[in-house]
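For reference, the structure is listed below as structure tokens.
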Amino acid sequence: MENIEKIFRFVEENSFSFNPDILEAGLINIFGLIAIVVFVGKDLVGSILEERETTVSQSIQDAENRLNESQKRLTEAQKQMVQLSVIINDIRNDTLSTKKNMLNIDVIEAKTDLKFRFERALLSFKSKERQIFFEIKDQITSLMLAMTVRRVRATYGKMGPTVKLINNTIRILELPS
């Protein structure tokens, strides 16, 4: 802010005015200097401008080449992404199929195992049933023999030689039990 005030004070103190004397004002010198700069600097400035134009043109060409290369890479990457998507879908389908197959195998194994266990339990049950049947049969046979022996003793127990014969027969029959 202070600098701006100094500038305005300088302009007010040193007033500028137009000088109509061309020679005194140095306009001819300025125009001459401009003409010399244009004439002499024309080649220098022209070559610099041509060089700059070539550089800019080359930079634009390089940028276009990089853009084209980037577009090619993008297209290739998109193709690879589509291929990768197809591969991922194939893997998912294969995984799902494998899971289903493994579950089916597990189900078959479980069924086979259950069938085997059931058959074994059924055989065990039949064996126990047969064993119980024979035990009951043996008990019934023993009871029937015991009842027969009692009846025979009750009926024929008082007869002499017949009693001995029957008692011997009964003893013989009782021995295998």
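Quick look at the numbers
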read-out: Kirkwood Rh and Cα Rg combined as Rg over Rh, evaluated for segment 18-174; value: 2.07
read-out: Modelled FRET efficiency - R0 30 Å, I136 with R171, Cβ distances, 0.05 increments; value: 0.70
read-out: Label-point gap, in nm, between I34 and A77 - each point 7 angstrom along Cα→Cβ; value: 5.4 nm
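All of the numbers you see were taken from the coordinates with simple rules; none came from a lab. Keep in mind it's a predicted model, so treat the numbers as computed, not measured. Cβ sites come from the backbone with ideal geometry, for glycine too, and all protein chains shown count toward neighbours.
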